[in-house]
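Asks: One structure, as structure tokens, below. Some questions next.
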Amino acid sequence: MNSVSVKSSRLQAVLSELALGNAELSHKNFAEKLGQLIDLSGSIALAESLRGLQKLEFTPATSDVSALKSSFLTNRAEMLAFILNSFITELHEGQDSSAPFILPRANAETLADPEAGFQAYQRFYNLHQSQLDHRVLVLRRQLQEALAGQSPQLAQLAELDRSLADKLGDYTRKVFASIPRLLAQRFYYLNRQYRAVQEAQRSAADDTGLKLELEPELMSDSPALWMQKGAWLDNFFTEMQGLLLAELELRLMPVMGLLEALEVEVETQK
């Protein structure tokens, strides 16, 4: 399994491409930067956890590494498919368009009132985040339990991962919670850009005396047009899907790290 650095994470690349974020991630002064993310009480608790690693009791347990890897790959594939399938733009017969994990339908309000129009997409994104958070957490705990019984060193790694996850949990949630807010800015920008183009086209049509029946596409604002390939809302959906896929990749990084450590340990023991 190939490791992926945070520096090269897809989420950072997508945010940069959409001009939603420009923070430079660096390994320089890592400990100092990490310390800035943890408050005083959290720092004390983490320090106590680190001191306790050497005293950690180890109880050997057998783990099926192949089954764990298969479970990880299966869950990752299911999460990817779940995201992709939720972005369908054409409903099947009998499918409920109001279902929480189905892409919300666009209406006149989507364009006329951007803030109100974005609310449905924010709920949609937030629900996906909750789903990802739960499923990744289950996988992470499975790997922690497997490491805890593999060797004393991996048991310490599992305990350290638990401590870091607990202490950085609030910060991590704040980071992921900021993505829908940044996405909202992108929605407003694309919305304004589209409306400006429409106004310019209407103005040009009035100035040149073009009639509505000759150029109906210049005077129409139907959601069907916004959903055409390359149109403003179609572009927004593509970008929102890209962010979710990138976020999944980033959320899975700690799990991948634990799995790689377990694989290396098993290979070393052979």
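Asks: Among the residues of the range 75-96 satisfying the criterion of being open to solvent by 80 Å² or more (accessible area, probe 1.4 Å) and in a loop (DSSP other than H, G, I, E, B), which is modelled with the highest pLDDT?
Replies: Ranking the qualifying residues of the range 75-96, first place goes to E90.
Asks: Considering G257, G209, which residue is over 30 Å from I88 (Cβ atoms) and modelled with pLDDT of 85 or more? Walk me through how you get there before you give the answer.
Replies: Values: G209 fails: modelled with pLDDT of 85 or more.
Checking each option against the conditions leaves just G257.
Asks: Something else: Scan the range 257-268 residue by residue and report those that are touching a Ser or Thr at 6+ places or on another chain (Cβ under 8 Å) and open to solvent by 20 Å² or more (accessible area, probe 1.4 Å).
Replies: Just the residues of the range 257-268 that are touching a Ser or Thr at 6+ places or on another chain (Cβ under 8 Å), to begin with: 257, 260, 262, 265.
Once the filter is applied, which keeps residues that are touching a Ser or Thr at 6+ places or on another chain (Cβ under 8 Å) and open to solvent by 20 Å² or more (accessible area, probe 1.4 Å), the range 257-268 yields G257, E260, E265.
Asks: With the structure loaded, tell me whether E249 is modelled with pLDDT under 90, of a type in the set (D, E) and open to solvent by 40 Å² or more (accessible area, probe 1.4 Å) or whether it fails that test.
Replies: Taking the combined requirement at face value, the residue does not satisfy it.
Asks: Among all residue pairs at least 6 apart or on different chains, which show Cβ distances below 8 Å where the first residue, located in the range 168-189, is closer than 21 Å to A112 by Cβ and the second is of a type outside the set (D, E, K, R) and not in a helix (DSSP H, G or I)?
Replies: So the pair list comes out as L183/L20; Q185/L20; R186/L18; R186/L20.
The values are calculated or read from the model by the stated rules, or taken from the named source; none is laboratory data. Please read these numbers as outputs of a predicted model, since none were measured by experiment. Neighbour counts run over all protein chains shown; Cβ positions are idealised from the backbone, glycine included. Remember, those area values only see protein heavy atoms, side chains included, never the ligands or the DNA or RNA. Shrake-Rupley method; radii C 1.70, N 1.55, O 1.52, S 1.80 Å.
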